[in-house]
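Right, one structure below, let's go through it.
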Amino acid sequence: VLAAAAGSAAAFAPASNGRAATSLAADKSQAIPFLPAPKNCEGYVGNVGFDPLSISEYFPVDYLREAELKHGRMCQLAWLGYVAVDLGLRVPGYPEAMSGATSATVHDAAVDFGAMGNIFIWIAIAEMTSWIGVSQMLQGSGREPGDFGFGKQYLEGKSEEQINKIKLQEISHCRAAMLAFSGVVTQSVLFEKGFPYF
């Protein structure tokens, strides 16, 4: 059985003809080497060719990058807030009705208290105002994805290489935060424990 399995696996191994693969390897994704590199993502800082569903062929990459940055930034704040609440941090004026809630259980307490409607309204206002910038970007205003004019003074006097390094750091932190937040929520719910959630 083992010999048959090894023989059938060898049938799919590439044959060596002594020539180096050049152009074929260049067309493959860095992140998923058995898929082609997404052409529309080329030129973006942090592009490693990760687009297994070819979404960049159907939506503008500027819009996708805007969404990636927004979700990543929100997850950085969300992780910090989630852990801070579980460590006992409360803002002044925090409702007594929700004082015993953990991050994992506060949803139901907030619904009972009536706070979720307020949260929804403020998120809706933020989304509507941010759409103005996104819409202008998609119409060719020259606005870069995720640029709301905050912190631009930190980029003044820096070379393009230094700016791209900062952009790479941000997108890397955003991607890590999205994974970290989903992990902390999952672990806190599964183990029903506070920080460090195990």
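The values are calculated or read from the model by the stated rules, or taken from the named source; none is laboratory data. This one's a predicted model, so the numbers in the text were calculated from it and none came from an experiment. Note that we place each Cβ from the backbone using ideal geometry, even for glycine, and neighbour counts take in every protein chain shown. These accessible areas exclude ligands, DNA and RNA; they are computed on the full protein's heavy atoms, side chains included. Shrake-Rupley method; radii C 1.70, N 1.55, O 1.52, S 1.80 Å.
Suppose we filter VAL111, VAL134 for residues that are modelled with pLDDT of 90 or more and in a helix (DSSP H, G or I); which single one remains? First the steps, then the outcome.
Numbers: VAL111 fails: modelled with pLDDT of 90 or more.
Only one candidate passes the filter, namely VAL134.
Which of the residues belonging to the range 146-174 are part of a helix (DSSP H, G or I), open to solvent by 50 Å² or more (accessible area, probe 1.4 Å) and among the hydrophobic types (A, V, I, L, M, F, W, C)? Please lay out each step first, then the result.
Initial filter on the range 146-174 (part of a helix (DSSP H, G or I)): 152-155, 160-174.
Keeping just the survivors that are open to solvent by 50 Å² or more (accessible area, probe 1.4 Å) gives 152-155, 160-162, 164-170, 172-173.
LEU155, ILE166, LEU168 - these are the residues of the range 146-174 that are part of a helix (DSSP H, G or I), open to solvent by 50 Å² or more (accessible area, probe 1.4 Å) and among the hydrophobic types (A, V, I, L, M, F, W, C).
For ARG143, are the conditions met, namely being surrounded by 13 or more Cβ atoms within 10 Å (Cβ to Cβ) and under 24 Å from ALA180 (Cα atoms)?
On the way: surrounded by 13 or more Cβ atoms within 10 Å (Cβ to Cβ): yes; under 24 Å from ALA180 (Cα atoms): no.
The answer is no for ARG143.
Restricting the range 75-85 to residues that are buried (at least 17 other Cβ atoms within 10 Å of the Cβ) and not hydroxyl-bearing (Ser, Thr, Tyr), which is nearest to TRP131 (Cα to Cα)? Give the derivation first.
At the first step, the residues of the range 75-85 found to be buried (at least 17 other Cβ atoms within 10 Å of the Cβ) are 75-76, 78-79, 82-83, 85.
With the extra rule that they be not hydroxyl-bearing (Ser, Thr, Tyr), the set shrinks to 75-76, 78-79, 83, 85.
Values: CYS75: 19, GLN76: 21, ALA78: 21, TRP79: 24, VAL83: 30, VAL85: 30 Å.
For the range 75-85, the residue satisfying everything is CYS75.
Return the residues of the range 27-43 that are surrounded by 17 or more Cβ atoms within 10 Å (Cβ to Cβ) and either within 21 Å of GLY142 (Cβ to Cβ) or touching a Lys or Arg at 6+ places or on another chain (Cβ under 7 Å) (or both); say none if nothing qualifies.
Restricting attention to the range 27-43, the residues satisfying the condition of being surrounded by 17 or more Cβ atoms within 10 Å (Cβ to Cβ) are 29, 37-38, 40-41.
Within the range 27-43, ALA37, ASN40, CYS41 qualify.
If we keep just the residues of the range 51-73 that are hydrophobic (A, V, I, L, M, F, W, C) and surrounded by 15 or more Cβ atoms within 10 Å (Cβ to Cβ), which is farthest from GLY140 (Cα to Cα)?
From the range 51-73, those hydrophobic (A, V, I, L, M, F, W, C) are 53, 55, 59, 61, 64, 67, 69; that's our starting set.
Still in the running and surrounded by 15 or more Cβ atoms within 10 Å (Cβ to Cβ): 61, 64, 69.
Values: VAL61: 13, LEU64: 15, LEU69: 19 Å.
Taking the candidates together, the pick is LEU69.
From the list ALA110, ALA84, which one is among the small types (Gly, Ala, Ser) and over 24 Å from the mean Cα position of the chain (by Cα)?
Details: ALA84 fails: over 24 Å from the mean Cα position of the chain (by Cα).
Of the residues listed, the single one that is among the small types (Gly, Ala, Ser) and over 24 Å from the mean Cα position of the chain (by Cα) is ALA110.
Taking the conditions exactly as written (open to solvent by 40 Å² or more (accessible area, probe 1.4 Å), in a helix (DSSP H, G or I), closer than 22 Å to GLY46 by Cα and among the β-branched types (Val, Ile, Thr)), does ILE125 satisfy them or not? Step through it out loud before you land on a result.
Numbers: open to solvent by 40 Å² or more (accessible area, probe 1.4 Å): yes; in a helix (DSSP H, G or I): yes; closer than 22 Å to GLY46 by Cα: no; among the β-branched types (Val, Ile, Thr): yes.
For ILE125, the condition - open to solvent by 40 Å² or more (accessible area, probe 1.4 Å), in a helix (DSSP H, G or I), closer than 22 Å to GLY46 by Cα and among the β-branched types (Val, Ile, Thr) - is not met.
Are any residues in the range 86-101 part of a loop (DSSP other than H, G, I, E, B) and buried (at least 16 other Cβ atoms within 10 Å of the Cβ), and if so, which ones? Please lay out each step first, then the result.
Let us first name the residues in the range 86-101 that are part of a loop (DSSP other than H, G, I, E, B), namely 87-95, 99-101.
The one that is part of a loop (DSSP other than H, G, I, E, B) and buried (at least 16 other Cβ atoms within 10 Å of the Cβ): ALA101.
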